[in-house]
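A.B. asks: Here you go, one structure.
The values are calculated or read from the model by the stated rules, or taken from the named source; none is laboratory data. Here the structure is a predicted model, which is why all the values come from computation and not from measurement. When we count neighbours, we look across all protein chains shown, and the Cβ atoms used for this are built from the backbone with ideal geometry, even at glycine. We work out accessible area using only protein heavy atoms, side chains counted, and drop any ligands, DNA or RNA first. Shrake-Rupley method; radii C 1.70, N 1.55, O 1.52, S 1.80 Å.
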Amino acid sequence: MILLQVTFLIKYVNNTNYALVKFMDALKNEDYSVYFSPSKKGDSFVKVYDDFNRIIKIFKQNKIEKEAQYTYFKYILEHVNLGIISIQKEDLFQEQSNTEILFLNKAACTILKQPKHKYWHRLANHVPWLVEEIKKIADGGKILVDFGDEIERKQLSLEVIELQLLGAPYLIITFQDIRSEIEQKEIEAWHNVIKILAHEMLNSFTPVSSLASTIKSLTENEQGKPLPIHQLDPEDIEDINTAAATIKKRSDGLLVFVKDYRTISNVPLPQLKKLHVKQFLTGIEALMSPVTIEASVDLKLASIPPHATINADSKLIEQVLINLINNSIHSLEGRENPTITLSCTVETNTTVIQVTDNGAGIEEKIRNQIFIPFYTTKKNGSGIGLSLSKNILKKHGGNLLVSSEVGVYTAFSLVFKN
């Protein structure tokens, strides 16, 4: 009996060990097809085998979800218009390595005009200039890189991010050709400027051409020869004088237009000095008060942070604020309780001066065009004020932004980097 019991015990232990080994091997090898049948081993194994099967099922489901998630993100990264390469950091500094590139998407191959290399050293041999640029910012950073031949030049915005995975350093290298986008934006900007220039010039030249034809017809006979002065009657002389005066007026207007154009393109470099915002805006309020009082507009200075400062050219920024306040006065015509508010907010990286009014507001379709040179909605406007103001802010390393709600408010924000 004892021998029989010992035999059964050994068999039981062996079966248990076999089941445990089979279970552990399944997890280790990620073989989730393994199934433990409780009916073959008796009631004592039912609960254990059920738990084994449940654990394997959970691991299998987790693997399926992770693979689906990996496929999903890989698909996204493959189809973004951004070159992405991921490698081990040490591969960057080795001439040869058997480690495969972790990730190389289609956009990267297209931009670099390379096939999908499996190993980094093979890709590096074809684009040595890229390797040198990456090494400069191997610890992380962003730079612009020019490459290509005389026929096709490209400018890459190159960024390198270092991260630690399982104790080893990896690099995520991203780059994008921004030259084509910049050129497209430049073309669109030139189209807008040329369209407005053509409109202004046609407005000037059309009447000038017409009046010149009138003068020519008054001073010539039927054969097209000049008439003697004594043959011109007083009415003709008066018409010629009026036409000449109109031509002069339009010519003067065209000269002013060209002068305005030169003003936009020749903004002086700002002489930066530390300005205390509260003191500066108080001066602007005092300067513009006579104008706003005459226009029956309430000019208010909101609470300004006492220590708010900006690095700016006081004369240029004063010019911007005067222009914005004058624009606000124009937009407040016919409004109830017309108010212009000067305010300032200090954030982590920026200091923002705001000019806000409760005027008619700016429609969204117009909002995208107001900074284009010579674009204006005013009857007698030149269309250079906002363009010039934005250019001045750009020269300061900042920006001029606008937000508006039709019939409610308009706010222009002068953004300065701290």
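A.B. asks: Could you calculate the contour length gain from A138 to L102, that is, 0.36 nm times the residue separation minus the distance between their Cα atoms, to one decimal place in nm?
C.D. replies: On the way: separation 36, 0.36 × 36 = 12.96 nm, distance 1.68 nm.
Between A138 and L102, full extension yields 11.3 nm more.
A.B. asks: Here is a follow-up. Please work out how much length the chain gains when fully extended from V406 to T348, using 0.36 nm per residue of separation minus the C-alpha to C-alpha distance, in nm with one decimal. List each step's numbers first, then the result.
C.D. replies: Working: separation 58, 0.36 × 58 = 20.88 nm, distance 3.05 nm.
Separation in residues times 0.36 nm, less the Cα-Cα distance, equals 17.8 nm.
A.B. asks: What is the distance, in nm, between label points placed 7 Å from the Cα along the Cα-to-Cβ direction at E294 and at D146?
C.D. replies: For the pair E294/D146, the computed spacing is 5.1 nm.
A.B. asks: Right, something else. Net charge around P338, counting only other residues with Cβ within less than 15 Å of its Cβ (Lys, Arg = +1; Asp, Glu = -1)? Mind showing how you got there, number by number?
C.D. replies: Numbers: positive: K300, R335; negative: E294, D298, E333, E336, D357.
Here the charged neighbours net out to -3.
A.B. asks: If each residue of separation counts as 0.36 nm, what is the full-extension length gain between F93 and S209 once their alpha-carbon separation is subtracted? Don't jump to the answer; show the numbers that get you there.
C.D. replies: Values: separation 116, 0.36 × 116 = 41.76 nm, distance 7.06 nm.
Extra length available between F93 and S209 comes to 34.7 nm.
A.B. asks: What percent do you get for the relative contact order of region 291-341 when only Cα pairs under 8 Å and 6+ apart count?
C.D. replies: Values: 28 pairs, mean separation 31.9, N = 51.
Result for region 291-341 is 63 percent.
A.B. asks: How much accessible area does S296 have with a 1.4 Å probe, in Å² rounded to the nearest 10?
C.D. replies: Around 90 Å² of this residue is reachable by solvent.
A.B. asks: Next question, about the same structure. Cα gyration tensor of region 209-360, axes a ≥ b ≥ c as square roots of the eigenvalues: rounded (a/c below 1.5), prolate (a/b > b/c) or oblate? Please list the in-between numbers first.
C.D. replies: Numbers: a/c = 4.75, a/b = 2.69, b/c = 1.77.
Prolate, since a/c reaches 1.5 and a/b exceeds b/c.
A.B. asks: Distance in nm between label sites at A245 and I10, each 7 Å beyond Cα in the beta-carbon direction?
C.D. replies: Label-label distance for A245 and I10, simple model: 13.1 nm.
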